[in-house]
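Participant: Please see the structure below; I have some questions.
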Amino acid sequence: MTGTPGAEETATEEHPRRWLKAGLMADRLSFRVRSVMALLGARVTEAFAPYGLRPGSFTSMALISANPGSSQIELARLGGLDKSSIVLIIDDLVQRGYAVRAKSTEDRRRSSLFLTRAGEEVMAQMYTAAMATETSIRAELGPDDMQQLFGLLDRVYAILEREDPPID
């Protein structure tokens, strides 16, 4: 990958790509996370192509499943999606019969979201496809390193959320 974080290798016969040095970016967390996300995103996009859903649909379905009755704004915040994208995603999921909107019992202006049985089934299939895109990473790192990675990322998220709380 061009701009591989910290990479300083040069092209070889076995690896014809030229790896660029990251320079000052090697010390940037956001650069490393974005680089990993770009590679994983490409894999997931390919794995999800047969479903014909908008980007962010799997994330939205998984969050609705884990948080039945949540609102679009809550999903957008937790899933890292902008508010206009989540509206299109949820509209699409509702139209396909994967999710339903119901009036909130707490606030009549708010809709509560729920997955349908069909949505749960598609989500489970997409989960399997998503996990398959990480097989080599999980195999190489192993369970202990994966737990450590998740723990560190959770700590980073908590620090950033504490410093910059979400605005509704």
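The values are calculated or read from the model by the stated rules, or taken from the named source; none is laboratory data. These figures come from a predicted structure and were not determined experimentally. Using ideal geometry, Cβ is built from the backbone for each residue, glycine included, and neighbour counts are taken over all protein chains shown. Side chains are part of the model used for accessible areas, which takes the heavy atoms of the whole protein and leaves out ligands, DNA and RNA. Shrake-Rupley method; radii C 1.70, N 1.55, O 1.52, S 1.80 Å.
Participant: When you check A42 against the structure, is it modelled with pLDDT of 95 or more and open to solvent by 40 Å² or more (accessible area, probe 1.4 Å), yes or no?
Facilitator: no
Participant: Quick one: what pairs do we get from the range 119-142, first residue polar (S, T, N, Q), second assigned to a helix (DSSP H, G or I) and open to solvent by 70 Å² or more (accessible area, probe 1.4 Å), C-beta under 9 Å, 6+ apart or different chains?
Facilitator: T133/R43; T133/E46
Participant: Looking at this structure, is G97 under 19 Å from the mean Cα position of the chain (by Cα) and open to solvent by less than 90 Å² (accessible area, probe 1.4 Å)?
Facilitator: no
Participant: Considering only the range 68-77, state which residues are surrounded by 15 or more Cβ atoms within 10 Å (Cβ to Cβ) and either closer than 22 Å to A158 by Cβ or within 19 Å of the chain's Cα centre (by Cα) (or both).
Facilitator: If the condition is that a residue be surrounded by 15 or more Cβ atoms within 10 Å (Cβ to Cβ) and either closer than 22 Å to A158 by Cβ or within 19 Å of the chain's Cα centre (by Cα) (or both), then S70, S71, Q72, E74, L75, A76, R77 are the ones that fit.
Participant: Does E13 satisfy the criteria of being over 26 Å from E134 (Cβ atoms), of a type in the set (D, E) and modelled with pLDDT under 95?
Facilitator: yes
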